[in-house]
Amino acid sequence: MPLIRPKTRSATDWHDYLVQRRQQTQVGALEDFFAGADLSPILPVAEAPLMALDLETTGLDPRRDEIVSIGIVPFSLSRIRVSERRYWVVRPRRSLSAKSVTFHRITHADIEGAPRIEEVLDEVFKALSGHLLVVHYRHIERAFLDTASRKAWQETLSFPVIDTMSLEARIHRQSWLARLRRWSGRPPASIRLHDSRIRYGLPHYHGHHALTDALATAELLQAQVASNYAPETPIGMLWS
Amino acid sequence: MEAELLEIGQHLGRFAPFDTLSEELLDEVASHVEVSYFKADSMILELDAMQTDLCYIRSGAVEVTRRNGELYNLLGEGDIFGHFSLMRHNKVRFPARAMEDTLIYFISEPMFQKLCDESDSFSDFVEVERPRLESTFEGQRRDNDMMATRVRKLVNRYPVMIEANATVQQAAQQLTEFQASAVLVLDEPGDQPRYSIKDSEGKVWQIIGILTDTDFRKRVVGEGLSPSTLVKEVVRRRLIAVQSDESVQEAMLCMLRNNIHHLPVMHRRAPVGIVHLSDIIRHETQSSLYLVNSIFDQPSAECLARMAPDVQAAFVRMVQDGADSQMIGKALSTIGRSFTRRLLELAEEELGPPPVPYCFMALGSMARNEQSIVTDQDNALVLSDRFDPAAHDEYFLELARRVSDGLATCGYSYCKGDIMATNPLWRQPLAVWKKYFHDWIEQPSPEGLLRSSIFFDLDAVYGDNSLVEELQDLVAEVAPQHKRFLSAMARNALGRTPPLGFFRTFVMEKDGKHNNSINLKRRGTAPMVDLIRIHAMACGSRAQNTFERLDDIDRTQLLAPGVSDKLRYAMEFLSMSRIRHQVIDLEHEQVPDNNIEPENVSRSERHHLKDAFQALSNAQKFLKFRYPLSQR
């Protein structure tokens, strides 16, 4: 299967995109979201209001699979504010497969009384507004939220994120050291969430709970910046 | 759906002091923490910064230092820090630095206050005013052995029994014959006897009641009944009994509730013995008392040597019954003294009476009544001044040899420093001993005292006690006047320092070195004993026991208020740790020693040991300040 690279925007492109969408959108929640996310690309990461986001889904294909739960935890480089976390479980249209049940530890009973994604989307975006989102592997979070937005509001949706997997790739996939390693025939270092955390001495968490993974992602970004970037690094250099 | 972060709560719940919190409170803490990552070598708390949170180490390692940069503590996963500053004006007093990449959970001050308010065990753990050690001891004392020990342990023989158709005279004869004070009364079995027993011929009997000494007085003699009265006519047909697996405490309560002094102990329906109220009262010290009694019944040194396993068993039993270090130290010293005494009696029986009066003197831990199960013999002979070496020394050398060899076979190994009565230096008349002590005290050299400091714990074991008491008086009177002597002793006492504590699987030394085990005697109890001895000598105390010395020190203004309590708790904890680890060794059929390995140390013990070492370290600093080296 050929690797399809989604379109990426540069720092200034993101800024223009957000300004434009704020003016055009017909959805109240998105207007707030775009206004709040209108963060200057030169804002130092240490001052940025960050929000770790993780979605658990029924599978990896946004056209066929659906969101099952959403976890968010606001943080800064110095503190992850666990008490302000939010968590939603939503009811997908297609029933959960046994495999994804074991994967997410969310059961049919949990989902039975849960709302549809459209019913909570407003609330989710209100909670996200004003923050720069941080995810591990942006192609899941961005694509599934886009799909949900199209269904709920008939609007496409994109937004800048700091992708901790992509920051890891810069070091372990694109650096000259990584190339040397590849050239010498050794397998590339894994940049999955858990494996990346181990490199920074972060503890092992039981993954696949949207809140735990959001927390794990926030901790990873703190560790990555502490190890590889100055706190003054502009967010425009980190987002994608 | 619960929006809990299980990762946080579950981790906190595994570590003290969070492990004692209710689920509800634990959830609340977990959902309010703030998290932060610190790269190795970065500062977590800067000196004098405002402190607004309690810090909990989720992963990594943290070094806490003093204001002057000296290492104060090394902490790892599950440890907390910052609570001292949090409770005192919120300025960081002990800066903290990440030694490895570290993840910290911050617990806000209001949440910290709430935990202190709502959980006693939490506030006990963090509170400075009431040190942790102290509260642990009170806790231990509260659940002492009476709750844990089962009543069957107090039963030492099968009950005496008699048929209901026997006469009271026969019953009285039966009691006298068996030296018992109560007899169970048996009758033909009824329909459904509550308690019954099958005799050797297979016949089943019903137990209908108990007849005691008191019953004979009140219900037989007092009523003027004839000796031929049948037992069944006087016995009360009401039997109060306990099951053998009830606790000693329950048995005692049962006696008090029913106002009885004899309590039959049953295994299901069958009697296994009768417990008397005095058995329970005697219970705490009983095991060692019996041992001492039987030491004096032994006819020879060989028989004494066979009792060594009993000493170990009594030791293990005392620890399991929840005795404290003073009870254990005293019991083991009493046992050691009894061995010594019996060996001297046996020697005198064979060698004849001594040609001049003497006193056999115990030194070191036996003199202090702090003997442990791992001990060697330190002793000496103080002879009357009428002693004439040419005429009498042959006798006393033989006496000393028999005691020393005898003790060695009983498990008290020979003194490596040759401080034993077999050494002619330490087998001298009182006048020579006085000169020894005057020399040590008036012309002290730390090197000389290093060898002889053991002589400053001294006590009479057998013979003419006044000989040793004169030496104790001499020390109490002369020592306080010689500050150079005290300084020299202080210098020796500072030679052995405690470690910082434990970290993961090794012992942390102050200089940052690691060790795999720690000798709790050399690094804990012995330096503690040394420093308390100096303070005690400085205030003219005649006490030999460390705790009694602390009592004497308390009556002076020598130590700041509260300090001696801290030392007492630290000493008790160090001693008990050492004792507990010796029991672990014995239970694993290993030769007990004074070492403990960090992997055998529980988490709470680790915290307390750290506190105890800290108390010792502070006390050593004070000693150094009080007796500066320049005074030599």
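The values are calculated or read from the model by the stated rules, or taken from the named source; none is laboratory data. In this text the structure is predicted, and so the values were computed from the model without any measurement. All Cβ positions, even for glycine, are placed from backbone atoms using ideal geometry, and neighbour counts span all protein chains on display.
Which one of B:Val468, B:Val475, B:Val507 is over 24 Å from B:Ala538 (Cα atoms) and outside any loop (DSSP other than H, G, I, E, B)?
Of B:Val468, B:Val475, B:Val507, the one residue that is over 24 Å from B:Ala538 (Cα atoms) and outside any loop (DSSP other than H, G, I, E, B) is B:Val507.
Can you find a residue in the range B:107-126 that is within 14 Å of another protein chain (Cβ to nearest Cβ), modelled with pLDDT of 90 or more and not in a helix (DSSP H, G or I)?
For the range B:107-126, residues within 14 Å of another protein chain (Cβ to nearest Cβ), modelled with pLDDT of 90 or more and not in a helix (DSSP H, G or I): present.
Residues to consider are B:Arg580, B:Arg533, B:Arg603; find the one that is among the charged types (D, E, K, R) and within 24 Å of B:Ser453 (Cα to Cα).
Exactly one of B:Arg580, B:Arg533, B:Arg603 is among the charged types (D, E, K, R) and within 24 Å of B:Ser453 (Cα to Cα), namely B:Arg533.
Among helices (runs of 4 or more DSSP H) lying entirely in the range A:143-240, which contain 2 or more residues that are within 12 Å of chain B (Cβ to nearest Cβ) and not hydrophobic (A, V, I, L, M, F, W, C)?
The helices (runs of 4 or more DSSP H) meeting that bar are A:193-199, A:210-228.
Which condition number does B:Leu467 fail, the rest of (1) within 18 Å of B:Gln428 (Cβ to Cβ); (2) buried (at least 21 other Cβ atoms within 10 Å of the Cβ); (3) within 25 Å of the chain's Cα centre (by Cα) being met?
(3)
Can you pull out every residue in the range B:394-441 that is in contact with a Leu (Cβ under 8 Å, 6 or more places away or on another chain), small (Gly, Ala, Ser), part of a helix (DSSP H, G or I) and closer than 21 Å to B:Leu467 by Cβ?
B:Ala400
Which of the following residues is at pLDDT below 90 and either surrounded by 17 or more Cβ atoms within 10 Å (Cβ to Cβ) or small (Gly, Ala, Ser) (or both): A:Ser95, A:Ser78?
A:Ser95
As an exercise: evaluate A:Tyr137 against (1) closer than 22 Å to A:Glu31 by Cβ; (2) under 15 Å from the mean Cα position of the chain (by Cα) and give the number of the one condition it does not meet.
A:Tyr137 satisfies every listed condition except (1).
Does A:Val45 satisfy the criteria of being touching a residue at least 24 places away in the same chain (Cβ under 8 Å), under 17 Å from the mean Cα position of the chain (by Cα) and more than 17 Å from A:Gly71 (Cα to Cα)?
yes
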